[in-house]
Structure formats: C-alpha cells, structure tokens
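The values are calculated or read from the model by the stated rules, or taken from the named source; none is laboratory data. The structure displayed is predicted, hence computed values, not measured ones. Here Cβ is always computed from backbone atoms with ideal geometry, including for glycine, and neighbour counts include all displayed protein chains. These area figures cover heavy atoms from the full protein model, side chains too; ligands, DNA and RNA do not enter into them. Shrake-Rupley method; radii C 1.70, N 1.55, O 1.52, S 1.80 Å.
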Amino acid sequence: MKKVVLVHGLFMPGVIMQFLYRKLKRQGFAVTMFSYHTLDFEQGVTKLNREVSQGGEVYFVGHSLGGLLIRRYFEKYQPHFDDTCIVTIGTPHNGSRVARIVCDKTGTLILKKSSQILSQGLASHLSNVAIGCIVGLKNIGLGNFFRNGKGDGMVLVDEAILESAKDICYVNYNHTAMIYSKQVVQQIIRFIDTRQFIH
C-alpha cells in the first residue's frame, strides 16, 4: 500500500493536517501525521528519520516549515524507498522575509532553533527526488502586516518556488487554507501518480 507522511508547519500540532489525512486515506493511501517540536528544526529531522521506515512506496507532503524539514531529511539521511516524491505546500524554500524581520527584531527569541532555516531556506538540490511545489496566491495573512508582497499572506511566491522543482502549481488560497482545500488534495494525488500537477 502506498504511504503518505504529512508534516505540519510552524507553531502547529500534527492534527492540523487532519483534513488532508482524511481525504488521502479515502483515496486508499496509508497516511501518517508526523508531529514534531517546530522550534527545534534539526531535532524534528532526526525524529522523522527515526519514525519513517525505509523501503516501499512512501510519499511526503509538507506544509510550510514541514516542506523544509522533509527536504533536510532527504539531504541528511538519503533514505531509500521503492518509490517516493515530495509535495510542498506554501514552503519558504528560499527563506522567509517575515522570518527575517522577526529575527532582526527579536533574535532567536521567537523562532528559536528554527530561526536560521526559516530565514535562509535550504539551498541544497535533491537530484534523485521529484519535488512539486504548491504555491498560494490569496494574499491574506500575517505577512500583510509586514507589507510582504505577492504570496499566500505569509510566504511570498518567489520564496515558495524551488528552482529545481519537477513541477509547480498555483492555487487561490492563503497559507493556512491550502491544507483544507480539495483542490490541493487533488494536486497532491496527481503529483504522486504522475510527478506533474493538473494544469
């Protein structure tokens, strides 16, 4: 059976991915909601490696910081699966302007051990793993307080696009609403099946 591992974003519990969990499970996937302490990024990477069994068909879906955590897991541990891919949803691959502003004002007080990854993103390129980026375009959210520009209200469009991505799709949802969207569920399934999104 195909397995999907869901990885949540900053300041959120694993159950925030419940909608995606239910919808994917109804489509026949075995789904796991991975939970981690979002203010200790590398500890989360280690925990993911400990909890995910290698082998078989395993696919990863990460919202926001969760997408960076998945990429870092592949970079650090180079796990082997019979088939795999990564779908990121509103992930600041290239670093977050909002995070940089927060860190400039408060240091690591708020974002703690996840400050660097959120501010700078992850530059590494995974040549052997297909990555699909789902990017939100409804600019409603905390980012507007920082005059953040075009994006999902938290992550800018340019921040959410990974240059080496296999495919990119745009949806008219804000940062949090994307993980409650049937359209996003359809896009996840299509990318798992074909390594391309619906265009």
Ile86 in contact (Cβ under 8 Å) with a residue 60 or more places away in the chain, open to solvent by less than 50 Å² (accessible area, probe 1.4 Å) and among the β-branched types (Val, Ile, Thr):
no
Among the residues of the range 139-156, the number that are surrounded by fewer than 18 Cβ atoms within 10 Å (Cβ to Cβ), closer than 18 Å to Ser119 by Cβ and modelled with pLDDT of 70 or more is 1
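Identify all residues within the range 19-37 that are open to solvent by 60 Å² or more (accessible area, probe 1.4 Å) and more than 16 Å from Gln187 (Cα to Cα); write none if there are none.
Thr32, His37
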Restricting to the range 109-138, name every residue that is more than 17 Å from His93 (Cα to Cα), at pLDDT below 85 and either in contact with a strand residue (DSSP E or B) (Cβ under 7 Å, 6 or more places away or on another chain) or open to solvent by less than 90 Å² (accessible area, probe 1.4 Å) (or both).
Ile110
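Here is a list: Ser114, Ser124, Ser164. Which entry is under 17 Å from Phe41 (Cβ atoms), small (Gly, Ala, Ser) and assigned to a loop (DSSP other than H, G, I, E, B)?
On the way: Ser114 fails: assigned to a loop (DSSP other than H, G, I, E, B); Ser164 fails: under 17 Å from Phe41 (Cβ atoms).
The unique qualifying residue is Ser124.
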From Ile168, Ile179, grab the single residue that is modelled with pLDDT of 95 or more, hydrophobic (A, V, I, L, M, F, W, C) and either open to solvent by less than 30 Å² (accessible area, probe 1.4 Å) or over 27 Å from Gln27 (Cα atoms) (or both).
Ile179
Note on the range 25-55: residues over 29 Å from Ser96 (Cα atoms) and either at pLDDT 95 or above or of a type in the set (Phe, Trp, Tyr) (or both) are Lys25, Arg26, Gln27, Gly28, Phe29, Ala30
